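Structure first, then comments.
Read-outs throughout are calculated quantities, based only on the coordinates presented, and are distinct from any laboratory measurement. Computed from a prediction, not measured in an experiment: that's the story for all the values here. Glycine also receives a Cβ, built like all others from the backbone with ideal geometry; neighbour counts cover every protein chain displayed.
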Amino acid sequence: MTMKNLFNPAIWLMNRLTYRRKFGLISLLFIAPLALVLTFYISSVNDRIEFAQKEIDGDAYLRPLRQLFEHTLNHSILVHDYVSGNTSFKDQILAGQAQIDRDFERLGKVNRDLGATLNASERFSALQTSWRNLKAETLGF
């Protein structure tokens, strides 16, 4: 197959079209790849925006979670010392439990907004249940 035979359909079409339609066809042939590239670019940008939004949501979720972790760690140390015989920590343990409860309230508000987006609702519920059980067992108060 020669090159002339390959282009015969295009030559036949171009010979039948007016100049206006030829320019329209050529413009269309240039615009089609640009539109495809633009579509891919917009899709890529939207994916990046979605990822960035999830990072922002994750940061908003981690802030109260970090506070909860710090207060839980302090509470654990106080309970360990109390169980080891230092009964002077009882009031601090009760205050720590109240603080952890407030942390769970803050985290619960964030979880209502972002838990489904971040797939964290089930873990939050399990964590909250564990805290309730631990609190009920801790020193009998």
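For the reader, a short list of remarks on this structure follows.
- From least to most packed, judged by other beta carbons within 10 angstrom and beginning with the fewest, Arg112, Arg102 follow the order Arg112, Arg102.
- Extension gain from Asp59 to Thr87, taking 0.36 nm per residue of separation minus the Cα-Cα distance: 6.3 nm
- Remark: the stretch 60-66, residue by residue, has Karplus-estimated 3J(HN,Hα) of 4, 6, 6, 4, x, 5, 5 Hz, where x stands for each Gly or Pro and the curve is 6.51 cos²θ - 1.76 cosθ + 1.60 at θ = phi - 60°.
- Long-range lysine pairs (8 or more apart or interchain), the stretch 3-137, Cα under 25 Å: 4
- Of the two radii for the chain, the radius of gyration is 1.56 times the Kirkwood radius, both from the alpha carbons; that is the Rg over Rh value.
- Residues whose placed amide H lies under 5 Å from that of Thr138, excluding near-sequence neighbours: none
- Between Ala126, Ala60, Ala32, the GNM of the chain built on Cα springs shorter than 10 angstrom shows Ala32 fluctuating the most.
- Along the axis of the charge dipole computed for the chain (Cβ charges of +1 for Lys and Arg, -1 for Asp and Glu, origin at the Cα centre), the listed residues Ala32, Gly108, Ala95 are led at the positive end by Ala32.
- Residue-averaged 222 nm ellipticity for the chain, from DSSP H runs of 4+ at -39500 (n - 2.57), nearest 500: -32000 deg cm²/dmol
- Rounded to the nearest 20 debye, dipole of the stretch 3-137 from Cβ charges on Lys, Arg, Asp, Glu: 1340 debye
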